[in-house]
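Quick notes on the structure that follows.
The values are calculated or read from the model by the stated rules, or taken from the named source; none is laboratory data. This is a predicted model, so every value here is computed, not measured. No Cβ is skipped: glycine too gets one built from the backbone with ideal geometry, and neighbour counts run over all protein chains shown.
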Amino acid sequence: MTRVSQPDLRQAEPAPRTEPRLHWAWVVAAVTFLTLVGAAAFRSVPGVLMDPLHEEFGWSHGTIGFAVSVNLVLFGLFAPFAAALMDRFGVRRVVVAALVLVAAGSGLTVFMEQPWQLVLLWGVVVGVGSGSMSMAFMATVTSRWFVARRGLVSGVLTAGSATGQLVFLPIVARVATDHGWRTASVVTAAVALGVVPLVLLLMRDHPADMGLTAYGATPEDPGPPPYARVGSSAGRALSVLKDAAGTRTFWLLAASFAICGMSTNGLIATHFVPAAHDHGMPTTTAAGLLAVVGVFDIAGTIFSGWLTDRWDPRALLVAYYGLRGVGLMTLPTLLGPSPQPSILVFVVIYGLDWVATVPPTVMLCRERYGAEVGAIVFGWVFAAHQVGAAIAAVGAGAIRDATGDYAGAFWTAALLCLVAAGLSLSIRPDAGVGQKVQRVAP
């Protein structure tokens, strides 16, 4: 008798799921990079438009510097709350709302006639909008989407923010020179709005939204779990601050990063162009030099991210702050009517060091406080960065009004950079820091 084979009624095993060839983390990183570049368009405006506003309205450098300082303070103070809002409402919603705020604040400046309107638009509206897309945004994306290459990606995204600000400078300067500062403000608003469709189409809040794990995830380090979008975002941000503020590491990072803000956004980004103009250099030429800083910032920050994956981040911070201090000490003697080789050397070195401090600082926050709240802790450290920047924006303008030049501001910042190097050297592991702060995570 011929035996009839029976069909195998056992349920077939599902085919093993394979990761896509291009992990969506890289798409999210690319959109984040472009978002940071678009948001940075406005932050290139104040330094270039300081002299045109002074000439048209008669506002002092100190008054305009105060509006910039409000922007810088809110840019920093809103960062940790934005990170918590991203946990609750999602990255995409928060970023789209932030881009619209930046565009509105920049575009409406064409109607202003009084200093309080400058403070409201440049300071408050753009400050809140740009603060929602600050370095805390970068830290959130990096922490959620990447386990491998965190340092490198942090460097690339940081370069997008800082480089966007500096590379837009010659464009804004040329538009303002040829067509007026109002046209420059409208152009920057359009750039911010132009990024919105990319965010809506390609940004995702978490790898779990696509059924993925973070890039490079392992059983030992699977990356953060999906965030529960419940509870008070402000309460969570403040709870993280309360626990982190009880650790020595937090204050050392916050103090050194405040000095970082003083010596970059507050001093050089805001006052380099008018300082060079004081020495007879054309505004467009000075803006071009800052653009060179931005070009070399790309290489420096990406290289810093690569180094952060391999070297002690504390040692990197000591080197970066020390080098920056030496550069600022020499700057007053380098400025002149035309770019000399010495000033070109300065802008190259300063560009390599511009925000090279960010990847090691982000890494220290994550190592000390854990992946779940490290982005919020970094948001508070970044808030200190912006408070320092605001102090420098006002202080340097006041020194210029009182003495007629910026030399005193540059020398003061140089000494503070050496202090920051010493603070970074003093960072030591705090026992139980990560466990203590992570308890506030939902």
Subject >> In the range 96-143, the residues that are over 27 Å from ALA176 (Cβ atoms) and surrounded by fewer than 24 Cβ atoms within 10 Å (Cβ to Cβ) >> reply: VAL96, ALA97
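Of all residues in the range 309-356, which are of a type in the set (Val, Ile, Thr), surrounded by 24 or more Cβ atoms within 10 Å (Cβ to Cβ) and part of a helix (DSSP H, G or I)?
From the range 309-356, those of a type in the set (Val, Ile, Thr) are 318, 326, 330, 333, 343, 345, 347-349, 355; that's our starting set.
Still in the list and also surrounded by 24 or more Cβ atoms within 10 Å (Cβ to Cβ): 347, 355.
Residue satisfying the conditions is VAL347 alone.
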Original post:
Of (1) crowded, with 17+ Cβ neighbours inside 10 Å; (2) modelled with pLDDT under 90; (3) of a type in the set (A, V, I, L, M, F, W, C), TRP306 satisfies all except one. Which?
Top reply: (1)
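In the list VAL175, VAL273, which residue meets the criterion of being touching a helix residue (DSSP H, G or I) at 6+ places or on another chain (Cβ under 6 Å), surrounded by fewer than 22 Cβ atoms within 10 Å (Cβ to Cβ), at pLDDT 80 or above and over 27 Å from ARG149 (Cβ atoms)?
Numbers: VAL273 fails: surrounded by fewer than 22 Cβ atoms within 10 Å (Cβ to Cβ).
Result of the check over VAL175, VAL273: VAL175.
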Original post:
ASP312 versus (1) touching a residue at least 24 places away in the same chain (Cβ under 8 Å); (2) within 30 Å of SER426 (Cα to Cα); (3) of a type in the set (Asp, Glu): which is the lone unmet condition?
Top reply: (1)
**OP:** Go through (1) over 25 Å from VAL70 (Cβ atoms); (2) within 25 Å of the chain's Cα centre (by Cα) one by one and return the number of the condition VAL387 breaks.
**Re:** (1)
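Among the residues of the range 367-393, write down those that are in a helix (DSSP H, G or I) and surrounded by fewer than 24 Cβ atoms within 10 Å (Cβ to Cβ).
Within the range 367-393, GLU367, ARG368, ALA384, VAL387, ILE391 qualify.
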Original post:
Which ones in the range 30-63 are within 19 Å of ALA98 (Cα to Cα), β-branched (Val, Ile, Thr) and modelled with pLDDT under 80?
Top reply: VAL37, VAL45
**OP:** May I ask you to list the residues in the range 394-422 that are surrounded by 18 or more Cβ atoms within 10 Å (Cβ to Cβ) and more than 14 Å from THR264 (Cα to Cα)?
**Re:** GLY397, ILE399, ARG400, TYR406, ALA421
